[in-house]
Amino acid sequence: MIPDMSTRNGVSVISTKTKEEKSRERAERRQNRLEKKQRRKSRGGSMHFRLFLILIVTGMMPLLLVNQIMTRTYLDSEVTVSSQTMENQALILVNQLVLSDYFNGEGNEINDALLEQMAENWNGRIRIIDSSFQVVMDTSGQDEGKYCVAEEVLRAFSGEYSESYDEASHTLVFVEPITTLDQEAVVIGAILVNVDTTSIEKPIREQQANLRILEIAMFCLLLLIDAVLLYFVLKPLKTLAESISEAANTGADAPNAVNVRRYQETTRISDAFNKTLSRLQALDESRQDFVSNVAHELKTPITSVRVLADSLTSMEEVPVELYREFMEDISQELDRESKIIDDLLSLARLDRNADTLNITRENINEVMERILKRVTPIAQTRNIELILESYRPVLADIDEVKLSLAVSNLVENAIKYNRDSGWVKLSLNADYKFFYIKVSDSGCGIPEDALDRVFERFYRVDKARSRDTGGTGLGLSITKSIVGLHHGAIRVYSKMGEGTTFVVRIPLNYIKE
């Protein structure tokens with residue numbers, strides 16, 4: 001026990017919990033955290049959530065891009081127009097300064113007043129720099145008499161005009177060289193202008209704010225439209241999921257247990273689920289029939305043995321001949337029981353997986369010859385002719401033991417259910433991809449309504465005759481399983497009174513899946 005100290009109303013209370021209880025509590029907390037995480041993950045993986053995000057993004061992105069592009073274009077255009085206007089005015093001012101011989105001190109008061117007026121109009125600052133890089137005039141009065149060797153000024157004394165715009169500081173800077181008006185055009189100074197662009201940007205920023213309000217309004221409207229749209233779009237899918245869940249829980253026997261046909265997609269899903277449900281129901285019925293048949297088939301020999309044994313024990317002074325006859329019957333019933341169990345075990349091993357196959361390259365012609373050689377004594381007892389037709393040499397990847405068992409089952413059935421002095425034909429052919437085995441007989445045939453069920457376990461067309469011939473009703477099931485393990489297919493064709501034909505198709509080259 002682990003004591004826990006707690007305080008209630010100022011009084012210490014000791015509570016004890018076992019290690020198991022604490023461990024259980026920690027496990028419950030971990031489980032709760034895991035469930036919350038899974039719920040959050042499921043919401044993030046929801047198609048509704050993802051479609052909602054896609055619609056929001058695709059709806060808002062064009063509006064945001066248009067806002068940014070319009071604002072940027074309008075701002076650049078306004079700055080460009082303003083800078084061109086100022087440049088033209090600056091050129092006029094430069095000519096005025098040159099004509100008035102500004103750097104020699106003539107008419108400077110008028111020029112200075114003109115510069116200050118222009119700086120005020122531009123909401124900026126103008127500096128005049130002479131050939132010694134000294135500021136001879138500054139409308140702000142800060143740098144007069146100082147030297148300015150900024151990069152833009154150096155380029156101006158090289159005869160270049162430069163301009164730059166800094167959106168962060170809301171400043172437009174341009175430098176115009178002052179040159180003589182003669183042919184040599186010697187640079188005698190420079191005019192450096194700093195302009196505050198706040199007044200230029202203000203209407204654009206106001207427009208951008210209005211667009212922001214429009215974006216918010218559009219976002220709210222888009223939320224509403226998305227919610228309504230997704231409700232109607234995804235409602236059939238929700239109905240489909242509920243119908244599938246209900247059908248899966250109740251195991252509905254109706255042919256159209258799920259019937260949601262709002263869209264082509266939901267129609268296809270409904271049809272596919274109904275087909276799957278029908279197959280599962282058929283499989284469940286087949287399983288129940290199989291269990292019932294297994295119980296019946298295993299119980300029948302035991303019942304016969306018990307009857308024979310009870311008969312022997314109830315009789316006194318049993319003759320040796322009768323005793324021997326009863327024991328032979330008991331032995332036959334036990335052999336039949338053993339054969340049924342062996343066939344069931346074979347089916348269980350075949351159903352498990354294909355890893356039990358021992359694939360080797362075999363001459364199929366020789367395999368067919370060996371099969372006919374083994375069953376010849378059985379055929380001779382009823383004077384049945386065995387015919388082998390090989391159209392070409394065939395080499396293929398097979399499990400020789402299992403495929404021989406499958407073909408032997410077909411040939412033995414053809415002999416058992418044939419008429420006396422009849423015939424059984426075994427044919428072998430191949431193309432570039434498959435080889436084909438055909439087993440035909442001159443027997444009584446199989447009814448048309450039984451053709452689809454001959455491969456079911458324990459299914460017999462004529463039960464009484466099957467038991468007389470020693471059949472367990474599992475041979476064709478074993479054959480179909482073996483053919484399936486070889487990635488092949490088997491078909492049956494029959495007409496009453498004319499005989500039966502089984503056709504097996506198997507790939508020449510085995511490729512493990």
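The values are calculated or read from the model by the stated rules, or taken from the named source; none is laboratory data. All of these numbers come straight from a predicted model, not from anything done at the bench. Heads up, the Cβs are rebuilt from the backbone with ideal geometry, glycines too, and the neighbour counts pull from every protein chain shown. Protein only, heavy atoms only, side chains kept; ligands, DNA and RNA dropped before computing areas. Shrake-Rupley method; radii C 1.70, N 1.55, O 1.52, S 1.80 Å.
If the viscosity is 1.567 mPa s and the temperature 4 °C, what translational diffusion coefficient in µm²/s does Stokes-Einstein give for segment 129-238 when Rh comes from Kirkwood over Cα pairs?
70
By per-residue mean of other Cβ atoms within 10 Å, what is the highest-first order of 402-409, 447-454?
402-409, 447-454
Past 24 Å, Cα to Cα: identify those pairs from K275/K495; K275/K402; K373/K402; K402/K495; K402/K438, in the order given.
In this structure, K275/K495; K275/K402; K402/K495 lie more than 24 Å apart at Cα.
Can you list the aspartates and glutamates whose alpha carbon is less than 19 Å from that of K425, not counting same-chain residues fewer than 8 positions off?
Partners within reach: E366, E369, E385, E389, E412, D441, E498.
Among Y391, Y436, what's the order by accessible area (1.4 angstrom probe), most exposed first?
Y391, Y436
Please identify which residues in segment 164-195 have an amide N closer than 11 Å to a label point set 7 Å out from the Cα of R155, following the Cα→Cβ vector.
Zone members listed by number: 164-165, 174-176.
Any idea how far apart A168 and R382 come out in nm if each label point goes 7 Å out from Cα toward Cβ?
Taking the simple label geometry, A168 and R382 are separated by 10.0 nm.
Between M218 and D143, with labels modelled 7 Å along Cα→Cβ, what's the label distance in nm to one decimal, could you check?
It works out to 4.3 nm between the two label points.
Using DSSP to call loops (not H, G, I, E or B), can you name the GluC sites (Glu not before Pro) in segment 174-236 whose Cβ has at most 13 other Cβ atoms within 10 angstrom?
E184
Determine the gain in length on full extension of the stretch Y436-M327; use 0.36 nm per residue of separation and subtract their C-alpha separation, reporting nm with one decimal.
Roughly 34.7 nm would be gained on extension.
Taking Cα pairs under 8 Å and at least six residues apart, what relative contact order does segment 138-202 come out at, in percent?
In percent, rounded to a whole number, it is 26.
How big is the equivalent ellipsoid of segment 103-154 along its three axes, where each semi-axis is √(5λ) from the Cα gyration tensor, reported in whole Å from largest to smallest?
Gyration-tensor ellipsoid for segment 103-154: 18, 15, 9 Å.
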